[in-house]
């Protein structure tokens, strides 16, 4: 688990990954390099989840 409450992205739905992105960004006014790196990681998990769900739906 990470501070955003998500995992590696292989086991979460697109909705769960989207919620993790929202939680990570909520209320932020300053973005440290570490916070930006975590945002990139969570966004990658979201993109993987969306691709997985689209493939399953096809």
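The values are calculated or read from the model by the stated rules, or taken from the named source; none is laboratory data. Worth saying up front: this structure is predicted, and the values here are computed from it rather than measured. Cβ placement follows ideal geometry from the backbone for every residue including glycine, while neighbour counts extend to all protein chains displayed.
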request  = Restricting attention to segment 24-34, report how many residues are modelled with pLDDT of 95 or more and in a helix (DSSP H, G or I).
outcome  = 2
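Every residue, every condition in (1) exposed (fewer than 13 other Cβ atoms within 10 Å of the Cβ); (2) at pLDDT below 90; (3) part of a loop (DSSP other than H, G, I, E, B), yes or no:
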site	(1), (2), (3)
5	no, yes, yes
21	no, no, no
44	no, no, no
56	yes, yes, no
